[in-house]
1. Just the residues that are hydrophobic (A, V, I, L, M, F, W, C) and within 12 Å of Ala39 (Cβ to Cβ), please, taken from segment 95-107.
2. With a cut-off of at least 1 residues that are of a type in the set (Gly, Ala, Ser), surrounded by 18 or more Cβ atoms within 10 Å (Cβ to Cβ) and within 17 Å of the chain's Cα centre (by Cα), name the helices (runs of 4 or more DSSP H) lying wholly within segment 47-143.
3. Please specify each residue of segment 33-46 satisfying the condition of being without any contact (Cβ under 8 Å) to a residue 60 or more places away in the chain and assigned to a helix (DSSP H, G or I).
4. Just need a number here: residues in segment 43-63 that are touching a helix residue (DSSP H, G or I) at 6+ places or on another chain (Cβ under 9 Å) and either more than 17 Å from Glu118 (Cα to Cα) or β-branched (Val, Ile, Thr) (or both).
5. Here are some residues: Gly20, Gly51. Which one is among the small types (Gly, Ala, Ser) and either at pLDDT 90 or above or within 14 Å of Val97 (Cα to Cα) (or both)?
6. Out of curiosity, is Ala90 at pLDDT below 90 and over 20 Å from Gly33 (Cβ atoms)?
7. Looking only at residues in segment 116-140 that are modelled with pLDDT under 85 and polar (S, T, N, Q), which one is farthest from Ala94 (Cα to Cα)?
Amino acid sequence: MGVRARRERMSLVTVADWEGTTLDVSGELATVGMAGASALVASMTADGWRGFRDWIARWLGRGQPQNEARQLARLDADRGLLLAATAGEAADQAGVVSASWAVRLQDLADEDPEAARELLEFVTRWRVENPESAQRATAIRQNAKASGKARITQVGGNQTIINPGQS
């Protein structure tokens, strides 16, 4: 099932496939991709990476050795990006890597509810077993300071603000 649309309403997400068939995914399964990606990125630079890496590659491969090998290469490349990032680049790089994995994981979870449950169970278990890394995976920090007539808009990720009155 290819995902065409995802519409959030409270804790319910409606997923429509290419044929227009809908599937309601509620609660934690609606955001399991984001939870999985946060845990994945936090584990990439922590102890216990090998266990997480091997499990997620098997999960993504879905029993196909070629897919598993391709996912291992992708995981290792992304981990290399995180390890090579300077202190000033680390948070931005982690955000980029996390966002791309969130989409991949959620797409698979949307197509296969059993896979979504497996991922959710693994992430839940990983958080219990790795509390320090889990805290990094769920922490969101935003800082802003304004004075005078300034406005502050905070979002996750990159944004460009253009004031049409100034060129």
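The values are calculated or read from the model by the stated rules, or taken from the named source; none is laboratory data. Owing to the predicted nature of the structure, the values given are computational and were not obtained by experimental measurement. Positions of Cβ are backbone-derived with ideal geometry, glycine not excepted, and every protein chain shown enters the neighbour counts.
1. Looking only at segment 95-107, we keep the residues that are hydrophobic (A, V, I, L, M, F, W, C), and these are 96-97, 99, 101-103, 105.
Passing the criteria: Trp101, Ala102, Leu105.
2. On the way: elements: 49-61, 65-84, 90-111, 113-129, 131-138.
It comes to 49-61, 90-111, 113-129, 131-138.
3. Going residue by residue through segment 33-46, those that are without any contact (Cβ under 8 Å) to a residue 60 or more places away in the chain are 44-45.
Matches in segment 33-46: Met44 only.
4. In the first step, residues of segment 43-63 are kept if they are touching a helix residue (DSSP H, G or I) at 6+ places or on another chain (Cβ under 9 Å); the result is 43-49, 51-62.
Subsequent filtering for residues that are either more than 17 Å from Glu118 (Cα to Cα) or β-branched (Val, Ile, Thr) (or both) retains 43-49, 56.
Matching residues across segment 43-63 total 8.
5. Details: Gly20 fails: either at pLDDT 90 or above or within 14 Å of Val97 (Cα to Cα) (or both).
Only one candidate passes the filter, namely Gly51.
6. Working: at pLDDT below 90: yes; over 20 Å from Gly33 (Cβ atoms): yes.
Here the answer is yes, as Ala90 does meet what is asked.
7. Narrowing segment 116-140 to residues modelled with pLDDT under 85: 130-140.
Within this subset, residues satisfying the condition of being polar (S, T, N, Q) are 130, 133, 135, 138.
On the way: Asn130: 18, Ser133: 14, Gln135: 15, Thr138: 13 Å.
Filtering segment 116-140 for residues that are modelled with pLDDT under 85 and polar (S, T, N, Q), the one farthest from Ala94 (Cα to Cα) comes out as Asn130.
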